[in-house]
Amino acid sequence: MTNDVLNWTYQNVKLYVRDLTCDWHLLQLYQKNQILTDPSYIEMSYKLGGMLKEHNTRFCILSAHAMDMTELEHGTDWGLAVLPANSYFKVLSIFAIQNKTFIVLLQIKPEHQTFHIENKISIDEQFVELVKAKMKEVSHQEVVSFLKDDLWIKKVNFPIGLTLDGTFFH
């Protein structure tokens with residue numbers, strides 16, 4: 001089972017992001033090692049850059065199973081990738097850079113929840129350090145131009161795993 005879990009979770013894992021403006025009280029509900037699910041499709045981008053001034057939160061999503069949807073983009077250049085509805089995540093880290101909150105999520109298989117709760121996996125911390133370094137590097141860069149698009153902002157301007165009233169999805 002261990003090899004199956006590790007292979008499914010980490011083999012060919014990539015980093016994706018989605019930025020939003022999130023109420024402070026909602027951000028405080030996220031906890032390291034928490035398991036989340038979300039009934040929505042998770043739209044995100046592989047394009048990394050700075051964040052819009054009005055955005056205070058970036059979800060950094062590590063996934064080996066995102067669907068590359070860039071071929072379906074017409075007139076946009078979002079770097080669109082999508083995770084299916086009811087995807088599960090483990091919160092690996094929550095950190096701040098320059099008054100922005102970063103929440104690192106690892107996509108996990110629903111049936112692997114217990115494994116990820118009961119086991120400390122050293123590669124998780126290695127990924128967190130890589131994500132922190134990358135976010136520090138790109139925090140000074142310009143915002144990716146297409147990620148300033150009103151339609152993109154509307155598509156991704158809600159938290160993952162949590163309703164706007166602060167209730168976690170089950």
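The values are calculated or read from the model by the stated rules, or taken from the named source; none is laboratory data. Worth saying up front: this structure is predicted, and the values here are computed from it rather than measured. Note that we place each Cβ from the backbone using ideal geometry, even for glycine, and neighbour counts take in every protein chain shown. Protein only, heavy atoms only, side chains kept; ligands, DNA and RNA dropped before computing areas. Shrake-Rupley method; radii C 1.70, N 1.55, O 1.52, S 1.80 Å.
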**Message:** Just to check your reading of the model, which residue among VAL82, VAL91 is in contact with an Asp or Glu (Cβ under 9 Å, 6 or more places away or on another chain) and either among the β-branched types (Val, Ile, Thr) or over 20 Å from TYR41 (Cα atoms) (or both)?
**Reply:** VAL82
**Asked** What are the residue pairs meeting all of these: first residue in region 14-41, first residue aromatic (Phe, Trp, Tyr), second residue open to solvent by 40 Å² or more (accessible area, probe 1.4 Å), Cβ atoms under 7 Å, and 6 or more apart or on different chains?
**Response** TYR16/TYR46; TYR30/ILE94; TYR41/PRO84
**Message:** Looking only at region 51-75, filter to residues that are free of Cβ contacts under 8 Å to residues at least 12 places away in the same chain and over 24 Å from ALA96 (Cβ atoms); which one of those is least open to solvent (accessible area, probe 1.4 Å)?
**Reply:** GLU73
**Complete:** Picked from region 81-103 (must be out of contact with any Lys or Arg (no Cβ under 8 Å at 6 or more places or on another chain), open to solvent by less than 60 Å² (accessible area, probe 1.4 Å) and of a type outside the set (Gly, Ala, Ser)), the residue nearest to ASN33 (Cα to Cα) is LYS90
**Asked** With respect to the numbered conditions (1) open to solvent by 30 Å² or more (accessible area, probe 1.4 Å); (2) in a loop (DSSP other than H, G, I, E, B), which one is the sole condition not fulfilled by TRP78?
**Response** (1)
**Request:** Would you check which residues across region 1-40 are out of contact with any helix residue (DSSP H, G or I) (no Cβ under 9 Å at 6 or more places or on another chain), surrounded by 14 or more Cβ atoms within 10 Å (Cβ to Cβ) and farther than 16 Å from LEU162 by Cβ and list them?
**Result:** TYR16
**Request:** Considering only region 1-72, give the strands (runs of 3 or more DSSP E) lying wholly within it that have at least 1 residues that are under 15 Å from the mean Cα position of the chain (by Cα), among the hydroxyl-bearing types (Ser, Thr, Tyr) and under 23 Å from GLU129 (Cβ atoms).
**Result:** 14-20, 42-45, 57-63
**Request:** Return yes or no: is LEU48 at pLDDT 95 or above, touching a strand residue (DSSP E or B) at 6+ places or on another chain (Cβ under 9 Å) and either among the basic types (Lys, Arg) or open to solvent by less than 50 Å² (accessible area, probe 1.4 Å) (or both)?
**Result:** yes
